[in-house]
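J.: The structure follows.
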Amino acid sequence: MITKFRIAALALLVAPTAFAQTTTLAATPPMGWNSWNHFAGKVDDAGVRAAADAMVSSGMKDAGYMYINIDDTWEAGRDAQGNILTNSKFPDMKALADYVHSKGLKIGIYSSPGAQTCARFEGSLDHEVQDANTYAAWGIDYLKYDLCGLRTKMKTAPDAAAASKMMVDAYKKMDAALKATGRPILYSLCQYGDDAVWRWGTSVGGNMWRTTGDINDHYSRMAEIGFSQAGLAKFAGPGHWNDPDMLEVGNGGMKVDEYRTHMALWAILAAPLLAGNDLTKMTPETLAMLTNRDVIAVDQDKAGMQGDRVSTEGPIEFWSRTLADGSNAVGIFNRQDKPLSASVDFGKIGFSGGVKARDLWLGKDLGTLPSAYTAVIPGHGVLFLKVSK
């Protein structure tokens with residue numbers, strides 16, 4: 001549990017220039033693919049190449065997806081000089097990076113500030129500079145840095161404040177190492193929202209930071225994570241994003257309306273869109289959902305203003321995000337598993353009288369809607385609109 005004492009202690013660690021970081025990297029929420037949700041420890045060189053091929057051939061690259069990210073289990077040990085080695089699944093990481101780059105894409109990798117990663121492979125503890133230099137030499141563009149392995153060491157700290165300082169210092173250390181390489185490497189903090197990371201993530205160089213524990217391919221978990229993001233909007237913006245974890249769209253554990261809720265909510269949250277499915281075996285329905293241009297445009301809106309919850313009524317939640325052109329993306333979510341009539345008052349987001357509306361999932365202009373509007377929302381579904389004067 002996060003205590004007031006721990007938050008106060010962390011506040012002392014955060015520099016006044018916490019948000020002064022360049023926004024060249026992650027000017028909009030990163031989009032791409034990560035191997036973990038579908039492949040976990042089975043990820044290998046061939047699978048990564050296949051994902052890169054599919055990202056291009058499917059049209060996902062054209063829709064804005066860019067990163068091909070290798071998660072845990074690529075690591076072997078270290079050589080006599082302490083340089084990180086890849087295991088047999090990845091015989092030549094530099095060649096793999098070159099291949100991904102040849103597709104016009106970027107490549108990401110994974111490590112931990114601890115001695116071991118979550119899956120108990122080699123971590124970066126005491127080898128931060130060496131590992132950052134290796135990543136740069138390979139041509140890596142993105143690092144997911146997972147707290148898992150450091151937690152054992154943090155337990156040896158004399159108190160909670162010391163443990164928090166150990167964590168913050170570890171993330172700062174890798175940030176300095178990455179910057180010293182001279183290569184732009186997007187820095188993704190994966191530490192599950194511990195110690196209100198949204199308050200200090202930018203001060204340690206984070207371009208994005210996990211705000212929650214791991215997602216899984218079930219509506220209950222996705223909804224628990226997504227709807228818990230209320231109140232965090234002020235901490236996000238160009239170059240530094242709240243990250244409620246990767247997408248599960250297409251992995252088969254949710255219904256179509258539930259996946260639409262997933263995508264719509266993540267877009268309103270200005271969340272990174274990292275697909276976690278098998279890109280080589282997508283149904284047309286999955287591909288259409290992942291590449292919906294209207295939905296992606298909300299997520300990638302250049303103003304970079306994360307949306308937030310406006311109101312709730314029982315299982316109905318009304319969320320809104322202000323967009324660069326003065327319009328709003330509006331999500332009316334039904335958290336009940338049966339269809340439910342829902343009313344929304346667009347006056348609550350500054351629109352008096354009727355609004356011009358577009359249904360983003362249908363890709364259809366709805367004309368003018370009254371300020372007080374009622375619609376039937378599918379169970380676990382969403383009415384996702386773009387509204388303007």
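J.: Please work out which residue is nearest to the chain's Cα centre (by Cα), limiting yourself to region 217-250 and to residues that are over 28 Å from ILE185 (Cβ atoms) and polar (S, T, N, Q).
T.: In this case the residue turns out to be SER228.
J.: Next up: I want to confirm something. Restricting to region 326-371 and keeping residues that are within 24 Å of the chain's Cα centre (by Cα) and of a type outside the set (Gly, Ala, Ser), which single residue is surrounded by the most Cβ atoms within 10 Å (Cβ to Cβ)?
T.: VAL330
J.: Also, quick follow-up: Counting only residues that are of a type in the set (D, E, K, R) and touching an Asp or Glu at 6+ places or on another chain (Cβ under 7 Å), which one in region 239-298 is farthest from TYR219 (Cα to Cα)?
T.: Going through the qualifying residues, I end up with ASP245.
J.: Among (1) without any contact (Cβ under 8 Å) to a residue 60 or more places away in the chain; (2) surrounded by fewer than 18 Cβ atoms within 10 Å (Cβ to Cβ), which single condition is ARG210 missing?
T.: (2)
J.: I need the strands (runs of 3 or more DSSP E) fully contained in region 220-319, keeping only those with at least 2 residues that are buried (at least 24 other Cβ atoms within 10 Å of the Cβ) and in contact (Cβ under 8 Å) with a residue 24 or more places away in the chain.
T.: 241-243, 273-275
Rule-based calculations on the coordinates, nothing more; no lab input. Since this is a predicted model, take the numbers as computed values, not measurements. Backbone-built Cβ (ideal geometry, glycine too); neighbour counts: all protein chains shown.
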